């Protein structure tokens, strides 16, 4: 949801050719990133422990990796 919101704001900044909306998109992305790093992730580690730590080591925070399947 956070990533989608940011993409929508960046799209709006392009559509309206607005530096203000672009600035708002950048600030909102930064705030969400800080919130996830310092609030959400520590709470998940506290709740699920090493299982979440293993998961977060394999999965990127924002943009998924595209991997080729072993054929």
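The values are calculated or read from the model by the stated rules, or taken from the named source; none is laboratory data. Owing to the predicted nature of the structure, the values given are computational and were not obtained by experimental measurement. Every residue, glycine as well, gets a Cβ built from its backbone with ideal geometry; the counts of neighbours run over all protein chains shown.
A few notes on this one:
Residue-wise test of (1) touching a helix residue (DSSP H, G or I) at 6+ places or on another chain (Cβ under 7 Å); (2) loosely packed, with under 10 Cβ neighbours inside 10 Å; (3) modelled with pLDDT under 95.
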residue: 6; (1), (2), (3): yes, no, yes
residue: 12; (1), (2), (3): yes, no, no
residue: 21; (1), (2), (3): yes, no, no
residue: 25; (1), (2), (3): yes, no, no
residue: 30; (1), (2), (3): no, no, no
residue: 64; (1), (2), (3): no, yes, yes
residue: 68; (1), (2), (3): no, yes, yes
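- Taking the range 3-34 as the range and being more than 22 Å from residue 64 (Cα to Cα) and in a helix (DSSP H, G or I) as the test, the residues that pass are 12, 13, 14, 15, 16, 19, 20, 21, 22, 23, 24, 27.
- Matching residues in the range 35-65 - criterion: being in contact (Cβ under 8 Å) with a residue 12 or more places away in the chain and assigned to a loop (DSSP other than H, G, I, E, B): 61, 62, 63
- Restricted to the range 44-60, and to residues there that are closer than 21 Å to residue 3 by Cβ and loosely packed, with under 11 Cβ neighbours inside 10 Å, the residue that is nearest to the chain's Cα centre (by Cα) is 60.
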